[in-house]
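Taken together, the values in this text are just the output of simple stated rules run on the coordinates, not laboratory data. Source: prediction; values computed, not measured. Every residue, glycine as well, gets a Cβ built from its backbone with ideal geometry; the counts of neighbours run over all protein chains shown.
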Amino acid sequence: MDVKDLFKKIEKYEGKQITLEGWVRNNRNQSNFGFIDFNDGTYFQSLQLVYDKELEDFQIISKIHVGCAIRVIGTIVKSEGSNQSHELKVEKVEILGDCPEDYPIQPKRHTREFLREVAHLRPRTNLFNAVFRVRSVAAHAIHEFFQSNNYVYFHSPIITGADCEGSGQMFKITTLDMNDLPLNDEKKVDYKKDLFGKPAYITGSGQLHGETYAMAYKKIYTFGPTMRTEHSNTKTHANEFWMIEPEVAFCDLNGIMDVQENMLKYVVKYVMDKCPLELEFFDKFVEKGLKEKLNKVINSKFVRITHKDAITLLKDAKVEWEFTPEYGQDIAKEHEKYITEHFNGPVFITDWPKDIKAFYMKLNEDGETVAAADLEVPGSGELCGGSQREDDYDKLLQRMKEFDIPEENLDWYTNLRKFGGCYHSGFGLGFERLIMYLTGVDNIRDVIPYPRTPNNCDY
């Protein structure tokens, strides 16, 4: 049986013999008895095993190393200790997988930096066991939210010839011999001899392809891996991450902000309901006040303020800024923090200057701003960004020219505006950013099982 099933109805099993399989987290032995902290990965809380000298294999059990995989047979009894209501009185232990004494994950506090060096073992610690369980539950909540609201789950291509942002931050892929590249008459790489007959890339976003399917299904969402070549060693950037990207036809900017707010509240509540022990751990050891912060998200009405009004608010604030807020420019982390604290909750900043936003965002009537919205949340800053997409064919082509994006590369995308196009909107949410917010963990490397960052691809 699983430990999770046991803890759900542990009183039911009192006095009954059960068999469990899992791993030893700690083995504290004394002359006449000992205790094993046992965890099988199905539940955050470990089960205490008690063994005494009356057992024939007492000496062998007392020397079982931390990290060993074992099968244990015993009886559930009430615990005399104060840390748990019940424990398992051991009758027999079988070692299924031994573990040497130099096993890196010992029952002591390890630094996160050290644990990144043993990423294949770190989910056996309390912190990462909790993080990746929350990641699993949050992923399920996202699917459940969209599926229950009639969205179609769309699998966008990983290999693409389209650059969504026009930023050039995409990994190139090829089957050509790097030591003997074929050249054309212009002495440039002859991609006609490559697998796809043209330059190809690993996707930086599923948005553009998602829009095409929204024109058939009305509401779709993507949820998958995304790769970008940013050479950034910050706590919030990684070269491989996961993105949630819904696209909704017949939906304007206000409508897509409603979707973002409803989705975030749903996911936060779902995780709080399903992972109470994990969140209690995070609240105690990672981020004090985490549960209060998350409850505020659930119970708040998200504020909506234009970029212009946000800059005015910042300029009027009696604060000495490191970066002076200016109209027409992006806002810094310190600004995001101030705005969310000022409104005491999540804030949508809308109607951004067109020059600092992507080509596909709908141009507002003023000709200077676009119908875009970034969601800022307390303690984290920007969590996700969305926009109404440009549905005017001519305006879209003009914006692509401004970004120096060749029309022929995206003719399939622009054609959507000619073949039954309609107003539509979408947003992108970095999944790891969401997990950081849910757990209080402040480094993206610690919410990805095997992080890919500059100079880091060891597993």
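Backbone geometry of region 125-139 corresponds, through the Karplus equation with coefficients 6.51, -1.76 and 1.60 at θ = phi - 60°, to 3J(HN,Hα) couplings of 8, 4, 4, 7, 4, 6, 4, 7, 6, 4, 4, 5, 5, 5, 4 Hz, x marking Gly and Pro.
Can you spot the aspartates and glutamates whose alpha carbon is less than 15 Å from residue 63's alpha carbon? Ignore those fewer than 8 places along the same chain. Here the aspartates and glutamates satisfying the reach criterion relative to residue 63 are 37, 52, 94, 98, 101, 102. Net charge in the neighbourhood of residue 287 (other residues with Cβ under 9 Å of its Cβ; Lys, Arg +1, Asp, Glu -1) is 0. Which loop-located trypsin sites (Lys or Arg not before Pro) does region 212-307 contain, where loop means any DSSP state but H, G, I, E or B and the Cβ has at most 15 other Cβ atoms within 10 Å? The qualifying sites are 235, 288, 301.
For region 231-339, the set of chymotrypsin sites (Phe, Trp or Tyr not before Pro) satisfying both a DSSP loop assignment and a count of at most 13 other C-beta atoms within 10 Å is given as 250, 321, 323, 327. Computed from phi, the 3J(HN,Hα) profile of region 46-61 under the Karplus parametrisation 6.51, -1.76, 1.60 (θ = phi - 60°) reads 8, 9, 7, 9, 10, 10, 10, 5, 5, 6, 4, 9, 3, 5, 5, 4 Hz, with x in place of Gly and Pro. Measuring between their Cα centroids, region 1-76 and region 413-459 lie 40 Å from each other. For residue 188, which aspartates and glutamates qualify as cross-link partners when the Cα separation must be under 17 Å and same-chain residues fewer than eight apart are set aside? Correct list for residue 188: 177, 180. Residue order for 453, 439, fewest other beta carbons within 10 angstrom first, comes to 453, 439. Count the net charge of all other residues whose Cβ sits under 12 Å from the Cβ of residue 373, scoring Lys and Arg as +1 and Asp and Glu as -1. Result for the neighbourhood of residue 373: -4. Note the angle between two axes, namely the Cα long axis of helix 333-343 and the longest principal axis of the Cα atoms of the chain, as a number of degrees from 0 to 90, rounded to the nearest 10. For helix 333-343, the angle is close to 80 degrees. Taking Cα atoms only, the orientation of helix 393-402 departs from the longest principal axis of the chain by about 80 degrees.
Net charge in the neighbourhood of residue 221 (other residues with Cβ under 10 Å of its Cβ; Lys, Arg +1, Asp, Glu -1) is -1. Give the lysines reachable from residue 187 as a straight Cα distance under 21 Å; neighbours fewer than 8 places away on the same chain don't count. In chain and number order, the partners are 172, 198. Convex hull volume of the C-alpha atoms in the chain, normalised per residue: 192 Å³.
Helical runs assigned H by DSSP (4 residues or longer) give the chain a calculated mean residue ellipticity at 222 nm of -9000 deg cm²/dmol, each run adding -39500 (n - 2.57) before division by the residue total. Converting phi to 3J(HN,Hα) with the Karplus coefficients 6.51, -1.76 and 1.60 and the offset θ = phi - 60°, region 291-297 yields 5, 5, 4, 5, 4, 5, 4 Hz in sequence order, with x at every glycine or proline. Close amide H partners of residue 86, meaning residues 5 or more places away or on another chain with modelled amide H under 5 Å apart, are 79. The stretch between residue 333 and residue 33, if pulled fully straight at 0.36 nm per residue, gains 102.5 nm over its current Cα-Cα span. Neighbour counting of Cβ atoms within 10 Å sorts the residues 122, 389, fewest neighbours leading, into 122, 389.
For region 105-161 versus region 381-399, the spacing of their alpha-carbon centroids is 30 Å.
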